[in-house]
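First comes the structure, then the notes that go with it.
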Ligand code: 8DG
Ligand code: CA
Ligand code: CA
């Protein structure tokens with residue numbers, strides 16, 4: 001999963017509100033570990049990012065789904081003073097600044113960051129001198145911090161996709177491969193490469209297998225995969241690199257073929273779109289997650305929308 005995200009800026013007349021709300025969201029997640037507030041800020045930012053006209057007061061913002069009184073007040077304060085006192089305070093608080101900095105490293109979550117800061121490790125230089133306090137994932141995350149924060153152009157992911165297909169089909173042409181995430185939603189740039197694979201021999205009822213291990217070893221032999229962050233039976237987190245381009249974050253998930261469509265839907269996102277759709281599924285009496293739509297069987301992504309009575313959206317329309 002890629003870190004540091006903001007609702008898109010492209011032509012968004014409310015982007016300044018979205019930016020401060022996203023920053024407050026990150027603060028709640030990383031520093032306070034308050035996922036409830038994190039979600040509330042993200043939801044408001046998402047509502048504002050898709051609102052086509054400039055909001056001129058908190059009262060007006062309040063009419064959007066996901067904007068409550070507290071956020072409306074912040075919008076008024078921002079409109080009146082050009083800043084937000086709460087954010088100013090956060091910027092002036094050394095431990096908040098450090099925690100936000102350390103969580104930029106792949107593998108360092110809010111709890112680990114807090115622990116490091118409590119141990120007096122507050123800068124990237126401090127981290128470099130205390131590699132012994134980091135696990136393998138965090139060490140590689142630190143090494144490639146700059147690269148991992150660079151956006152990946154769509155054309156580069158297209159090249160990676162071709163190599164993935166060529167190498168994995170050489171192993172076995174029965175694999176199915178889908179790059180999900182923002183790439184599948186048509187974005188011109190992505191934070192990382194979210195790859196989903198399945199194989200007809202792997203179902204939710206079949207025993208464990210070595211499929212993902214085989215795939216990762218093949219991709220290492222051909223030189224595409226350059227680092228492993230973690231590898232389990234169904235989830236690989238790592239890095240890949242093309243020629244002299246930056247090192248990129250690559251995730252590969254192996255999913256049972258009977259759960260493929262729910263997984264594709266889930267990993268395509270966006271996160272906000274998923275939340276919306278899951279809530280809708282619940283209202284309609286279903287449970288939707290990355291594995292299944294209970295209590296029914298589905299044979300396509302469209303089926304999922306049909307069953308819960310949610311208007312079908314092509315991936316490019318899921319950029320909530
Ligand atoms: P990006 O990498 O270009 O920044 O965007 P992304 O592809 O949309 O985000 P991602 O963080 O790589 O996550 C991929 C998908 O995983 C996302 O679109 C939807 C799904 N997902 C959820 N919930 C969560 C969650 O809590 N964290 C993350 N990271 N992903 C989630 O539905
Ligand atoms: Ca990801
Ligand atoms: Ca992604």
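So if each residue of separation counts as 0.36 nm, and I subtract the Cα-Cα distance between residue 89 and residue 161, what length gain in nm does that give?
Values: separation 72, 0.36 × 72 = 25.92 nm, distance 4.43 nm.
21.5 nm is the gain from fully extending residue 89 to residue 161.
In nm, what is the difference between 0.36 nm times the number of residues separating residue 54 and residue 171 and their Cα-Cα distance? Don't skip to the answer; put the middle values down first.
Working: separation 117, 0.36 × 117 = 42.12 nm, distance 5.26 nm.
Result: 36.9 nm gained on full extension.
Please give the FRET efficiency for residue 32 paired with residue 221, using the beta carbon to beta carbon distance and R0 = 41 Å, rounded to the nearest 0.05. Could the numbers behind the result be given before it?
Details: r = 45 Å, r/R0 = 1.09.
Plugging the Cβ-Cβ distance into 1/(1 + (r/R0)^6) gives 0.35.
When you take every Cα atom in segment 51-191, what is the radius of gyration, and what is Dmax, the widest Cα pair distance, in Å?
Radius of gyration, then largest Cα-Cα span, for segment 51-191: 21.5, 62 Å.
Which of the peptides 246-255, 224-233, 66-75 is most tightly packed, and how do the rest follow, judged by the mean count of other Cβ atoms within 10 Å per residue?
Numbers: 246-255: 22.4, 224-233: 16.7, 66-75: 18.2.
Per-residue Cβ counts within 10 Å, averaged per peptide and sorted highest first, yield 246-255, 66-75, 224-233.
Using per-residue counts of other Cβ atoms within 10 Å, averaged over each peptide, order 136-148, 188-200, 155-167 from highest down. Intermediate values should be presented prior to the final figure.
On the way: 136-148: 18.2, 188-200: 20.3, 155-167: 15.9.
Top of the packing list down: 188-200, 136-148, 155-167.
Sum -39500 (n - 2.57) across every DSSP H segment of at least 4 residues in the chain, then divide by the residue count to get the 222 nm mean residue ellipticity, nearest 500.
-14000 deg cm²/dmol
Subtracting the Cα-Cα distance from 0.36 nm times the residue separation, let me have the gained length for residue 206 to residue 234 in nm, one decimal. Kindly include the intermediate steps, with their values, before the conclusion.
Details: separation 28, 0.36 × 28 = 10.08 nm, distance 1.32 nm.
Length difference between fully extended and current span is 8.8 nm.
What is the packing order of peptides 86-92, 204-210, taking the mean over residues of other C-beta atoms within 10 Å and listing the highest first? Please list the in-between numbers first.
Numbers: 86-92: 12.6, 204-210: 9.6.
The peptides rank, most packed first, as 86-92, 204-210.
FYI, it's all coordinate maths here, none of it is from the lab. Given the structure is predicted, the values throughout are model-derived calculations rather than measurements. Every residue, glycine as well, gets a Cβ built from its backbone with ideal geometry; the counts of neighbours run over all protein chains shown.
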